[in-house]
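Presented below is the structure to which this report refers.
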Amino acid sequence: MAAILSNLAKLSLSQPTSTVFQSCRIHSQVNPLLIRATQQLLAEPMKKKKRIDPSVLAAKEAKKIKKIEKEIKKLTRFGRILKPVAEIELPNKQFRLAKERQRETPVLSFEESEERALLQKQWGRYRTKMWVHQYQVYDKLVAAQAEALEELKAESPELYQEAIKIDYNMIAMNFEGPKLTPPIRDYVPPDGDYVDTSRKY
């Protein structure tokens, strides 16, 4: 038995190349019947690189450099050109008319301003009173419904379960056919085609 163990110990690697192999060798020397782990091979084989002509690479690099130089020259010549916003820019005629057609705010008298402030306060009190009244009515309805459901539950649990079910017939909705269909060929929309008229810079 000792000869077999010594032969198994000699089968281990003489010069391990990693810490995993070193630890495995230690364990295998102490107890050669243990399983010795191998190196993990999880990487994919490297793809063979295609040989590219050096002249093609030089042409690509020259093209990139030329493009960058062109952009730098354009920036130094014209500066930073911002994209115009057509919705904000006004024609000169409209801009001139906007200055001419300005109206001054009329000056209110003290009585008129006091009357408007009083009317606004009265309107605020009226809307608050209406909101409180609607809230109280809603609260009473919810309380009455809950009380009726509790009495129905004590009287008949079957009718209670039927009462709390969702009524899907309140909003009738029927679907027939597929929900998504392919576009109709040669379809003429009633409102016309959408044409993108935004400028491209």
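Per-structure values
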read-out: Selection count, the range 169-186, where residues are over 33 Å from the mean Cα position of the chain (by Cα) and among the aromatic types (Phe, Trp, Tyr); value: 0
read-out: Residue in the range 143-155 that is surrounded by 10 or more Cβ atoms within 10 Å (Cβ to Cβ), of a type in the set (Lys, Arg) and in contact with a helix residue (DSSP H, G or I) (Cβ under 9 Å, 6 or more places away or on another chain) present; value: yes
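We did not get these values from a lab; they are worked out from the coordinates using the rules stated. Keep in mind the model is a prediction, meaning the values are calculated, not measured. When we count neighbours, we look across all protein chains shown, and the Cβ atoms used for this are built from the backbone with ideal geometry, even at glycine.
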